[in-house]
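Report on one structure; see the data block that follows.
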Amino acid sequence: MQTSNRTATGNSTLLTVADLFAGAGGLSLGFERAGFRTLWAADRSPAAVETFGRNLKSKAECVEIEPDTHCPRPTVIIGGPPCQGFSSAGMRRMGDERNSLVSTFAQVVARVKPEAFVFENVEGFLTSERGMRIHELLHPLIAAGYRIHLRKINAANFGVPQHRKRVLAIGGFGFDPTFPEPTHSAFGAPGAHLAAARLALTKTVGEAIKDLPQPTRDAPGQPADHYSGHINGERLHKIKALQPGQTMRDLPEALWHQSYRRRAYRRVKDGTPTERRGGAPAGMRRLRPDEPSKAITGGAGSEFIHPSEDRFLTLRECARLQTFPDDFVFYGTKAERTLLIGNAVPPKLAEVVARSLVRDLQHPKNEAMPGALISFVPGLSDGVSPVLRHVTDTVETNFQPTARQLEFF
């Protein structure tokens, strides 16, 4: 029987992770903080590989991950396959090749057989192609013997100063993993108050960035990437017109920029199916200082305006809202660094998940336990779209999860 890569060191056991689609390393950083050692990591982006290697305790390999890619057997496999194919930030593309990386992740886990896995993705993963991606993830993993929680969460409920709705799948081989409970309450986004209402509030934007110095005008900034170029003309006029909490929609139409106007009218003129529209665009927005941020994305550095200053957020401020430390330096072009920050899993969220798994992994395992979907929670709100209702019904029929409700109160 294959054994997990866990090395006894005195009275403790060294827990290891392999990070697939590692990006900047947010997941690995959180797991390292919880006591794991990164055994292996991989990403196809040279900028991601350089960033990972210069900031974490191990190197990453620059490879295109395939189902048969060699991966040493760790205690836990972690990863967030590239999600742009079904991100709500843009038009969803049916059949996008990046979507198939969900299947790749599942096949690698099923083949390598770690003791546990953690999968992270955007909330659009749930409804992509009417739930097909959920089946691509669950079928091979349940067949391989994993017992799985699949739930949508808001990172703000785990101490991240940002309303970042994401899907987490946590699976254990021979045991039922504990889905981590929220550590913070939050407000400022639909459903945020429904989880952990009695806990301490997560940090606001103002609290998260208040001790940063004024940004420099030119790169590289101090700390790194804390710089803001000169803004003038019509762009500055638009920024000055926005109050905290307001977006492009609150500006007079004469001030809409052309790309925003095209996106706004596309949804009513071109017949784009509702499930592919990705929600109404917001364009530029000035953040509120007294609430967590909206989700940091690859566009945040050119769309999110500082709560009180007439400028866009610096990349370092975006990294702060993603809970990266100031000495974590991102590499590559500015566009590459922006994507690395926006696509990352917040290390603080990853650490909460990792610490929960540390406790689980200390308990005896029963490898004869069959694979199963333990819980499926696509959100805490009772209001769901027709597509999500269809997906929920299909998942419950095909996988029969044993738990449907969360009690976080």
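Summary table
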| quantity | calculated |
| --- | --- |
| Filtered residues of the range 160-201 (kept if out of contact with any Pro (no Cβ under 7 Å at 6 or more places or on another chain), in a loop (DSSP other than H, G, I, E, B), modelled with pLDDT under 95 and hydrophobic (A, V, I, L, M, F, W, C)) | 187, 189, 197, 200 |
| Single condition residue 128 does not satisfy, out of (1) surrounded by fewer than 24 Cβ atoms within 10 Å (Cβ to Cβ); (2) within 17 Å of the chain's Cα centre (by Cα) | (1) |
| Tally, over the range 340-388, of residues that are acidic (Asp, Glu) and free of Cβ contacts under 8 Å to residues at least 60 places away in the same chain | 1 |
| The lone exception for residue 346 - which of (1) in contact with a Ser or Thr (Cβ under 7 Å, 6 or more places away or on another chain); (2) over 30 Å from residue 208 (Cβ atoms) it fails | (2) |
| Within the range 131-173, considering residues that are among the aromatic types (Phe, Trp, Tyr) and touching a Gly at 6+ places or on another chain (Cβ under 9 Å), the one surrounded by the fewest Cβ atoms within 10 Å (Cβ to Cβ) | 173 |
| Inter-residue pairs, beta-carbon under 9 Å, first closer than 14 Å to residue 319 by Cα and in the range 205-219, second of a type in the set (A, V, I, L, M, F, W, C) and outside any loop (DSSP other than H, G, I, E, B), 6+ apart | 205/321; 208/321; 209/321 |
| Filtered residue count, the range 357-393, keeping only those that are assigned to a helix (DSSP H, G or I) and either outside the structural domain of residue 165 (by TED's automatic domain parsing) or at pLDDT 95 or above (or both) | 5 |
| Residue 331, sole failed condition from (1) crowded, with 19+ Cβ neighbours inside 10 Å; (2) under 19 Å from the mean Cα position of the chain (by Cα); (3) in a loop (DSSP other than H, G, I, E, B) | (2) |
| Positions within the range 21-45 being outside any loop (DSSP other than H, G, I, E, B) and among the hydroxyl-bearing types (Ser, Thr, Tyr), in sequence order | 28, 38 |
| Residue in the range 99-108 that is surrounded by the fewest Cβ atoms within 10 Å (Cβ to Cβ), counting only those that are farther than 17 Å from residue 373 by Cβ and of a type outside the set (Gly, Ala, Ser) | 107 |
| Scan of the range 109-139 for residues that are touching a helix residue (DSSP H, G or I) at 6+ places or on another chain (Cβ under 7 Å), over 16 Å from residue 374 (Cβ atoms) and in a helix (DSSP H, G or I), ordered by number | 109, 110, 124, 125, 128, 130, 131, 133, 136 |
| Among the candidates 340, 388, 380, residue that is buried (at least 22 other Cβ atoms within 10 Å of the Cβ) and not aromatic (Phe, Trp, Tyr) | 340 |
| Candidate set: the range 120-160, residues that are touching a Leu at 6+ places or on another chain (Cβ under 9 Å) and basic (Lys, Arg); chosen: the one nearest to residue 366 (Cα to Cα) | 147 |
| Selection from the range 5-20 of residues that are modelled with pLDDT under 95 and in a strand (DSSP E or B) | 7, 8, 9, 12, 13, 14 |
| Count of the range 231-252 residues which are among the β-branched types (Val, Ile, Thr) and either closer than 17 Å to residue 294 by Cβ or not assigned by TED's automatic domain parsing to the domain that holds residue 304 (or both) | 2 |
| Restricting the range 224-242 to residues that are touching a Ser or Thr at 6+ places or on another chain (Cβ under 8 Å) and part of a loop (DSSP other than H, G, I, E, B), the residue that is nearest to residue 313 (Cα to Cα) | 228 |
| Which numbered condition residue 350 fails, given (1) loosely packed, with under 14 Cβ neighbours inside 10 Å; (2) outside the structural domain of residue 228 (by TED's automatic domain parsing); (3) closer than 30 Å to residue 222 by Cα | (1) |
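The values are calculated or read from the model by the stated rules, or taken from the named source; none is laboratory data. These figures come from a predicted structure and were not determined experimentally. Reconstructed Cβ throughout: ideal geometry from the backbone, glycine too, with neighbour counts over all protein chains shown.
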